[in-house]
Amino acid sequence: MKKRFIVLIDFSAYSLDLLQYVCDWSNQVDAEVLLLHQTLVFVPALADNETRKQIVFQTNTDALIQLKALVTDNHIQTGKISFYVTETSLNTTLERLLADPFENLLFVGLKRTARIKQLVLGSVALQVIEKNNNCVVALPAAITKFNHPRILVAVTEKHPLNILELNNFLKFVDSDTTQITFFYLAKPNEKTTGIEKQLRQLSELFADRFTTDYTLFEGDNPFNDIKNLINNKTDELLVVQKGTRYFTDQLFRKFMVSELVYEGETPLVVLP
């Protein structure tokens, strides 16, 4: 099945970085690229139906011209690229697109915000992640090349890792140049025999295709250990699963998403 990257473009200052990153990745794995933009249409309250249609048409046409210009004006080089502009709700549009016969990855950009706002992901990113049963890549600004020789996969004991979706995601990366580290953040005084066994089994499961290892962070401050592991580099991908405390827990989100993703500029991959 063909691979396709669906990229949400909002014409913000970060859109070009996201586009360059996606196109660089797509060239490495021969994936098609679809640029998606949702328009906001402002129609006067007393406008008749025909006037409304004209306003919608013109708004979408202008956005399509802007979307194409983003590619041509910046000399983006990639394989097959297509454009999709609509005023329809994002969830409805994505549901339709994800029904197409492709192996899809969804891409959203993450914006740097004031310190107090870094504790949560942006509303659009959260909406895409929570409402769609597809793997989502959330990319901080200033990363324009796909170069991630190390993938860090967060594991929990009570919520088993979605191995099928992890396998689907790994189809988009080069197994010869990628190392996978499975990790677990233990709570103070937590018994870790079971999770250590699970980490070892996961490492062995993927060892036939990738260089793998695992690590267990224990002690009073495991967040510092994981920060030292990632080292605020852009050459790693952080993989978490929707529905686990790694994604939903506010304390974890504060440290992992804010400090590691926003400040550390680490791309975040969320599995369904």
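The values are calculated or read from the model by the stated rules, or taken from the named source; none is laboratory data. Predicted, not measured: the structure shown is a model, and the values here were computed from it. Methodologically, a virtual Cβ is constructed for each residue, glycine included, from the backbone with ideal geometry; neighbour enumeration extends over all protein chains shown. Just the protein is used for accessible areas: all its heavy atoms, side chains included, with ligands, DNA and RNA removed. Shrake-Rupley method; radii C 1.70, N 1.55, O 1.52, S 1.80 Å.
The table below gives the values:
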| read-out | value |
| --- | --- |
| Any hit, the stretch 204-215, residues being under 24 Å from Ile129 (Cβ atoms) and at pLDDT 70 or above | yes |
| Residues of the stretch 149-164 classified as open to solvent by 10 Å² or more (accessible area, probe 1.4 Å), touching a Ser or Thr at 6+ places or on another chain (Cβ under 8 Å) and closer than 14 Å to Val269 by Cα, total | 1 |
| Selection from the stretch 122-148 of residues that are in contact with a helix residue (DSSP H, G or I) (Cβ under 9 Å, 6 or more places away or on another chain), open to solvent by 20 Å² or more (accessible area, probe 1.4 Å) and outside any loop (DSSP other than H, G, I, E, B) | Val124, Gln127, Lys131 |
| Total residues in the stretch 35-51, condition of a type outside the set (Val, Ile, Thr), assigned to a loop (DSSP other than H, G, I, E, B) and under 29 Å from Ala125 (Cα atoms) | 2 |
| Flag if Asp10 is of a type in the set (Asp, Glu) and in contact (Cβ under 8 Å) with a residue 40 or more places away in the chain | yes |
| Test set (1) assigned to a loop (DSSP other than H, G, I, E, B); (2) at pLDDT 80 or above; (3) of a type in the set (Val, Ile, Thr); (4) over 15 Å from the mean Cα position of the chain (by Cα) - Val71 fails condition number | (1) |
| The stretch 165-224 - residue that is assigned to a loop (DSSP other than H, G, I, E, B) and small (Gly, Ala, Ser) and, of those, surrounded by the fewest Cβ atoms within 10 Å (Cβ to Cβ) | Gly219 |
| Candidates Gln66, Gln77, Gln20, filtered to the one that is open to solvent by 40 Å² or more (accessible area, probe 1.4 Å), part of a loop (DSSP other than H, G, I, E, B) and in contact (Cβ under 8 Å) with a residue 12 or more places away in the chain | Gln77 |
| Residue count for the stretch 93-121, restricted to those that are open to solvent by 60 Å² or more (accessible area, probe 1.4 Å) and at pLDDT 90 or above | 4 |
| Any pair with Cβ under 6 angstrom, 6 or more apart, that starts in the stretch 172-197 at a residue that is more than 13 Å from Asp213 (Cβ to Cβ) and ends at one that is of a type in the set (D, E, K, R) | Ser175/Arg209; Ala186/Glu218; Gly194/Glu157; Ile195/Glu157 |
| Qualifying residue in the stretch 32-41 (condition: touching a residue at least 24 places away in the same chain (Cβ under 8 Å) and touching a Gly at 6+ places or on another chain (Cβ under 8 Å)) | yes |
| Any pair with Cβ under 6 angstrom, 6 or more apart, that starts in the stretch 121-148 at a residue that is at negative phi and ends at one that is at pLDDT below 85 and among the small types (Gly, Ala, Ser) | Ala138/Ala125 |
| Number of the condition not met by Met1 [criteria: (1) modelled with pLDDT of 95 or more; (2) of a type in the set (A, V, I, L, M, F, W, C); (3) touching a strand residue (DSSP E or B) at 6+ places or on another chain (Cβ under 6 Å); (4) exposed (fewer than 14 other Cβ atoms within 10 Å of the Cβ)] | (1) |
